[in-house]
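Only the coordinates and a few stated rules stand behind these numbers; no lab work does. Treat the numbers as computed from the prediction; the structure is a model and nothing was measured. Here the Cβ positions follow ideal geometry from the backbone for every residue, glycine too, while neighbour counts run over all protein chains shown.
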Amino acid sequence: MKKNESYEEFIKGVWRDNPVFAQVLGMCPMLAVTNSAINAVAMGMATFFVLVGSSFLVSSFRNWIPKQVRISCFIIIIATFVTIADYTLLALVPKVHKELGAFIPLIVANCLILGRQEAFASRYPTRLAVMDAIGMAVGFLIALLSLGAVREILGDGALFGVKLFSVNFEPWVIMILPPGGFLTLGVILLFFNWFKFKKDEFLDDVAEAERRGS
Amino acid sequence: MKKRDPDLLLAHAPLLRQGMTTPSVMRDVLIALAPATAASMWFFGLSAILVLGACIGGAVAAEWLFADKQARGDSLRDASGILTGLLLGLTLPPGLPLWMAFLGGFVGIALGKVIWGGLGHNLFNPALLGRAFLLATFPIAMTTWVPAVGDGGFLQIYPGNLALPFMQAQVDAMSAATPLGLMKFEQEVTPLANLMFGKTTGSLGETSGLLLLLGGVYLWLRRDLDWRIPVSILLTVVVFSAVLGLFDAERFPTPLFSVFSGGLLLGAIYMATDPVTSPVTPKGTWIFGIGTGVLVMLIRVFGGLPEGVMYAILLMNAATPLIDRYTQPRVFGRGGDTK
């Protein structure tokens with residue numbers, strides 16, 4: 001039972017309440033840094049680290065954080081982890097760090113992270129909070145990666161920097177540019193919603209059939 | 001409409017109806033475009049047929065794919081998809097790879113029409129949206145112009161057309177500049193007669209000014225076209241370039257050159273007049289036309305691109321709901337304020 005509960009928290013972030021596809025949060029990094037798969041993964045990992053770390057701390061301290069100043073406390077905790085992530089990336093992969101640029105410090109302002117602290121971590125026990133954070137971060141990573149992969153394949157004919165086609169490939173310049181981000185995200189959201197619509201329809205049909213049968 | 005017994009007509013007012021329906025208007029526009037289409041085949045040979053066909057194919061494929069099962073027949077039968085494809089094709093360079101043309105038609109219908117809710121709900125002209133997508137996606141292929149085929153070259157196909165999907169066109173040895181490009185970058189003026197009869201480099205449908213005007217007159221006679229829009233666009237362009245000519249006749253194009261070069265006639269007569277994306281009030285259509293004309297000239301003369309008709313019309317499309325809102329006529333019998 002207990003195991004189920006944390007699994008539930010994990011899977012809801014990955015699929016049903018996916019931060020990008022279902023909640024449409026964190027659009028700024030989503031559109032800005034997904035012009036290649038490697039940037040998307042770096043951004044996803046940094047967000048993962050920050051989200052899980054701050055959810056853990058916020059949840060542990062939830063009984064000591066005064067309600068009136070909770071947002072500032074959350075932000076300080078988040079900013080601590082963002083600073084760690086920023087310098088770690090700078091030390092390990094300076095090239096990616098340069099490409100991501102201002103978007104790493106801007107993780108502080110990612111509404112997904114603050115939203116999870118406010119809505120979940122500050123109200124639930126540490127174990128659930130961490131599972132929720134991992135689920136949300138993995139969901140965010142999947143979304144970033146799918147967008148980055150599509151844009152890199154079409155815009156550059158490559159994936160993670162490896163050329164997939166012959167030299168004659170005609171790059172879709174728009175996919176590397178900001179409009180490509182909007183277009184791809186829109187199309188992916190369209191399919192996500194279409195799928196959900198079809199699934200609800202199917203479930204309704206099943207329920208209807210069951211009611212008639214009984 | 002089914003034929004009813006004339007002695008017993010049970011219906012609400014209005015009882016007098018025009019025979020104008022969506023399919024009939026679309027058919028008229030297709031007829032009006034026929035001379036220019038034929039001319040494009042004359043000038044660019046088999047390539048014109050292939051590119052136009054690919055565009056229409058892409059447009060119809062998108063229309064078929066995204067239509068409701070019940071409404072599929074209707075949305076295909078009203079020919080608006082075919083018209084979008086044809087208009088898009090007429091704005092493309094003749095040497096464009098066919099897969100790009102197909103993609104343009106598909107995107108034009110999918111993102112320009114279906115996603116807004118189908119015919120009558122779109123904010124932007126689908127054909128121009130498809131072209132804007134292609135221009136942003138494949139900037140090199142979309143600005144590689146090939147000269148018209150020479151004598152007896154009707155069966156000739158430009159090698160660029162046959163590029164495999166997702167592959168580049170082979171670099172064409174023979175490429176040429178459009179009259180507007182020559183004007184902008186090399187200060188070279190193309191003779192007016194060539195512009196009128198179509199002996200120039202350019203996109204498939206923009207080379208022959210006279211045939212486009214002919215189609216426009218046909219549409220005006222059939223009352224399928226709001227004459228205010230093309231007239232106000234063309235007048236604005238003429239006045240704008242005449243005023244510029246007063247300052248420096250050497251540097252700026254003459255009014256006639258401005259009107260007959262580039263895609264202005266095609267855009268002003270067939271695209272800006274799209275009843276869905278242009279204002280409905282008479283005052284609004286004047287504002288729309290003047291705005292388009294001014295934007296065209298601003299982009300052509302002061303902008304970085306040689307041609308600006310597409311962006312001018314798309315920008316004014318975006319302004320159309322606003323124009324409509326502020327030019328509502330006063331309801332008879334009500335007070336002075338229009339709200």
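Rounded, prolate or oblate: which fits segment A:1-106, taking a ≥ b ≥ c as square roots of the Cα gyration tensor eigenvalues, rounded meaning a/c under 1.5, else prolate when a/b beats b/c? In terms of gyration-tensor shape, oblate. Computed from phi, the 3J(HN,Hα) profile of segment B:304-311 under the Karplus parametrisation 6.51, -1.76, 1.60 (θ = phi - 60°) reads x, 9, x, 10, x, 4, 4, 5 Hz, with x in place of Gly and Pro. Each of B:Glu250, A:Glu99, A:Glu208 was scored by other Cβ atoms within 10 Å of its Cβ. Listed from fewest to most, they are B:Glu250, A:Glu208, A:Glu99.
When N is the residue count of segment A:2-213, what does its C-alpha Rg come to as a fraction of 2.2 N^0.38 Å?
1.15
What aspartates and glutamates sit close enough to B:Lys283 to cross-link, taking a C-alpha to C-alpha distance under 15 Å and skipping anything fewer than 8 places away on the same chain? List returned: B:Asp226, B:Asp324. The translational diffusion coefficient of chain B, from Stokes-Einstein at 10 °C and 1.306 mPa s with a Kirkwood hydrodynamic radius over alpha carbon pairs, comes to 76 µm²/s. For a straight C-alpha distance cut-off of 14 angstrom, the aspartates and glutamates reachable from A:Lys95 (same-chain residues fewer than eight places away being disregarded) are A:Asp86. The overall shape of the protein assembly as shown, judged from the alpha-carbon gyration tensor, is prolate: a/c is not under 1.5, and a/b is greater than b/c. Arranged from fewest to most other beta-carbon atoms within 10 Å of their beta carbon, A:Glu152, B:Glu206 become A:Glu152, B:Glu206.
Under a 5 Å amide H cut-off, with hydrogens placed 1.01 Å from N, A:Ala158 pairs with A:Ile153, A:Leu164 among residues at least 5 apart or on other chains.
Distance between the 7 Å Cα→Cβ label points at B:Arg251 and B:Ala34: 4.7 nm.
Tell me the relative contact order for chain B as a rounded percent, counting alpha carbon contacts under 8 Å between residues six or more apart. The value is 17 percent. In this simple spin-label model, placing a label point 7 Å from the Cα along the Cα-to-Cβ direction at both A:Lys98 and A:Phe202 gives a separation of 4.8 nm. Spin-label pair B:Leu46-B:Lys69: with each label point 7 Å from Cα along the Cα-Cβ axis, the two points sit 4.1 nm from one another.
For segment B:21-176, compute Rh as the Kirkwood radius over C-alpha pairs and then the Stokes-Einstein diffusion coefficient at 4 °C and 1.567 mPa s; write the answer in µm²/s, rounded to an integer.
Diffusion coefficient, whole number: 82 µm²/s.
Averaged over the residues of B:267-276, the number of partner chain Cβ atoms lying within 10 Å of the residue Cβ comes to 0. Across q = 0.20 Å⁻¹, segment B:180-326 modelled as identical point scatterers on its alpha-carbon atoms has Debye log10 I(q)/I(0) values of -1.23, in the order of the q list. Is the shape of segment A:69-182 best called rounded, prolate or oblate, per the rule: a/c under 1.5 gives rounded, else a/b larger than b/c gives prolate, else oblate, with a ≥ b ≥ c the square roots of the Cα gyration tensor eigenvalues? Prolate, because a/c is 1.5 or more and a/b exceeds b/c.
Per residue of B:129-139, what is the mean number of Cβ atoms on other protein chains within 10 angstrom of that residue's Cβ?
3
Look at A:His97, B:His121, B:His12 and count the other Cβ atoms within 10 Å of each Cβ; fewest to most, that gives B:His12, B:His121, A:His97. Aspartates and glutamates within cross-link reach of B:Lys113: Cα-Cα under 17 Å, excluding same-chain residues under 8 positions apart? Excluding near neighbours in sequence, the set is B:Glu63, B:Asp68, B:Asp74, B:Asp78, B:Asp274.
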